[in-house]
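The values are calculated or read from the model by the stated rules, or taken from the named source; none is laboratory data. Every value quoted in this text rests on a predicted model; they were computed, and no experiment measured them. Ideal geometry is used to build each Cβ from the backbone, glycine not excepted, and the neighbour counts take in all protein chains shown. Heads up: the accessible areas ignore ligands, DNA and RNA and are worked out on the full protein's heavy atoms, side chains in. Shrake-Rupley method; radii C 1.70, N 1.55, O 1.52, S 1.80 Å.
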Amino acid sequence: MRLSCRLPKLHASSQGWFHFRAVIVSGTGFFTDAYDIFVITQFFFVYLGSTSINQGDDKVDRNVDALLKASTSWGNLVGQLLFGYLGDRLGRKRMYGKELIIMIFCTICTGFAAPGMSPGLSILLVLGISRFFLGIGIGGDYPMSAIITSEFANVRFRGMLIAAVFAMQGMGILVSGFVFVITLSYMRQYIESDILILDWVWRIALWTGVIPGFIALYFRLTIPETPRFTVDVLGDAEKAEQDVIKVLALNEVRDVTSAWVRETATPTARIAVKSDNFFEFISQRRNLCTLVGTAYSWFALDIVWYGLVLNEKSVIHGIFLSGTDSVVDYLVAVAKGQVLVTGLVTFLGFLAAIFLIETLGRKTIQLFGFTALTTIMFLLGAFWGTFSDAVALSLYILALFFFNFGPNTTTFVIPSEVFPTRWRATCHGISAACGKVGAIIGIQAVGVFINPGLGSQDNQDDTTKQSAGNPNVFFVFGAVAMTGILATFLVPETMDKTLEELSQHDDVFIDTGEVVYNA
């Protein structure tokens, strides 16, 4: 039978300062992730295309372009599986913060990437290698931040808190755009006198993005172990009760910098807990169906998401770039276009998800989002040659909105809720890793056909439709989004249910009398 502890008080607790701090600290990694992707997009305009500092040598094979864009996703896949496993094996506290250290270090190293660093190494290859390792840190952030937020949250606002963590991606895009534009504007006169100064712009913007990470690192390294892991995996119910009391107390302290006070190790009795291996757990039909549902939904989403968004230049081409006479004006227009189209719409989609996820439910939002994306993709594919630029851009904006007020948010939230504590991080990591497999396919096998290659001049008078490559790819995206609808029916609705109700697995048994020590 389940030992009586204070988890019910954690379920019913009100929103407080501890929850607010957890969202900010956990969301920093996703802020940095989106910030980095935006800045690296600007790198292509600096080194490739008509604005290139290479003075006309602007051709690059589309497969090299795709490989560079996918390098972070390959690292993500490794990081999600590795940190997901270790988060369950070693505990949330022991692993949390390590992924942010990797992200900070690799972001700084990325900023030092340069051509000619070694014979035979181009800047694209150097950048690809550094971004692979950066991706490991970013990938590790997915299961760790989601699970920690989920296990500390109350029932009423759990989905909202987890969605708010993921929504920091929208803030990262907006802030990175502003930083890039400000840096360009400040260095305009230097760039106009020497085009090579442009090489410093993306590096300065990139390095600026690690500042929030440095601030959040201390709080990640000092965050306590979640009470659910302590009682459900370690079997230390007494320590879990003490930690819940501290969480509830910190919720009342109006200071997000309040530290978790370490105490002297004291002996506590450990109770027996369910112990099974992962394959025994996943062999049960209910658990397998849930994991297939969360993993495939994420897989389908990322094929469409990364294939479309990472090639957004082909879609917004010609809308924001007319009338740009100088290199600086051109890059400012590109940054503004991406901020207004991608950043602002992404952020608004996330806001809608945050405020409605506890009203409509996760499953409803995911179904509606996949349905909207299926419809939009088929419309783009069927009428691409006849749409005006304004109509095409409007449909693209709608697609971005329903990505985020839809499966981009819910595929992150649901896996952090539906699995038992012992396997929660592992299953979230597997689901996220399947998403990155989809991302790699979307970038390297599908999305590459949207863009005819970076060898074409960016300022030519082609229409958006003509520069977008094969419009049949939108039919592929629509079909994939449709399969996401089917996969969603495999996952349960998690709104207004405790993690214990959802998992039907976290049962704690009778006291064994074994004494253990906890710091």
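Does residue 35 satisfy being of a type in the set (Ser, Thr, Tyr), surrounded by fewer than 21 Cβ atoms within 10 Å (Cβ to Cβ) and at pLDDT 75 or above? Steps first, please.
On the way: of a type in the set (Ser, Thr, Tyr): yes; surrounded by fewer than 21 Cβ atoms within 10 Å (Cβ to Cβ): no; at pLDDT 75 or above: yes.
Considered against the rule, which asks whether it is of a type in the set (Ser, Thr, Tyr), surrounded by fewer than 21 Cβ atoms within 10 Å (Cβ to Cβ) and at pLDDT 75 or above, residue 35 comes out as no.
Where residues in the range 216-229 are touching a Lys or Arg at 6+ places or on another chain (Cβ under 7 Å) and within 16 Å of residue 503 (Cβ to Cβ), which of them is surrounded by the most Cβ atoms within 10 Å (Cβ to Cβ)?
226
Quick check: anything in the range 111-128 aliphatic (A, V, I, L, M), open to solvent by less than 50 Å² (accessible area, probe 1.4 Å) and at pLDDT 90 or above? Break it down into steps so the answer makes sense when it comes.
Quick first cut of the range 111-128, residues aliphatic (A, V, I, L, M) only: 113-114, 117, 121, 123-127.
Remaining after also requiring open to solvent by less than 50 Å² (accessible area, probe 1.4 Å): 113-114, 123-124, 126-127.
Keeping just the survivors that are at pLDDT 90 or above gives none.
No: the range 111-128 contains no residue that is aliphatic (A, V, I, L, M), open to solvent by less than 50 Å² (accessible area, probe 1.4 Å) and at pLDDT 90 or above.
Residues 81, 67: which one is modelled with pLDDT of 90 or more, open to solvent by 10 Å² or more (accessible area, probe 1.4 Å), closer than 28 Å to residue 346 by Cβ and not in a loop (DSSP other than H, G, I, E, B)? So that I can check it myself, show each step before the final result.
On the way: 67 fails: modelled with pLDDT of 90 or more.
The conditions single out 81.
Find all pairs meeting these conditions: Cβ atoms under 9 angstrom apart; at least six residues apart or on different chains; first residue within the range 276-290 and closer than 16 Å to residue 430 by Cα; second residue modelled with pLDDT under 90 and not in a helix (DSSP H, G or I).
Cβ pairs passing all conditions: 281/505; 287/505.
Out of the range 266-312, which residues are crowded, with 24+ Cβ neighbours inside 10 Å, among the small types (Gly, Ala, Ser) and at pLDDT below 95?
307
Could you please let me know if residue 256 is touching a Lys or Arg at 6+ places or on another chain (Cβ under 7 Å) and modelled with pLDDT under 60? It would help to see each step written out before you state the result.
On the way: touching a Lys or Arg at 6+ places or on another chain (Cβ under 7 Å): yes; modelled with pLDDT under 60: yes.
So residue 256 passes the test.
Being over 18 Å from residue 73 (Cβ atoms), open to solvent by 50 Å² or more (accessible area, probe 1.4 Å) and either at pLDDT 85 or above or out of contact with any His (no Cβ under 7 Å at 6 or more places or on another chain) (or both), is that true of even one residue in the range 150-168? Break it down into steps so the answer makes sense when it comes.
In the first step, residues of the range 150-168 are kept if they are over 18 Å from residue 73 (Cβ atoms); the result is 150-165, 167-168.
From what's left, open to solvent by 50 Å² or more (accessible area, probe 1.4 Å): 156-157.
Those still in the list that are either at pLDDT 85 or above or out of contact with any His (no Cβ under 7 Å at 6 or more places or on another chain) (or both) too: 156-157.
Yes, the conditions are met somewhere in the range 150-168.
Name the helices (runs of 4 or more DSSP H) wholly within the range 335-420 that hold at least 2 residues that are open to solvent by 10 Å² or more (accessible area, probe 1.4 Å)? If you could, list the steps in order and put the result at the bottom.
Numbers: elements: 344-360, 362-383, 389-404, 407-413.
Helices (runs of 4 or more DSSP H) meeting the threshold: 344-360, 362-383, 389-404.
Go through the range 84-107 and give me each residue that's open to solvent by less than 10 Å² (accessible area, probe 1.4 Å) and part of a helix (DSSP H, G or I).
84, 87, 92, 99, 100, 103, 107 - these are the residues of the range 84-107 that are open to solvent by less than 10 Å² (accessible area, probe 1.4 Å) and part of a helix (DSSP H, G or I).
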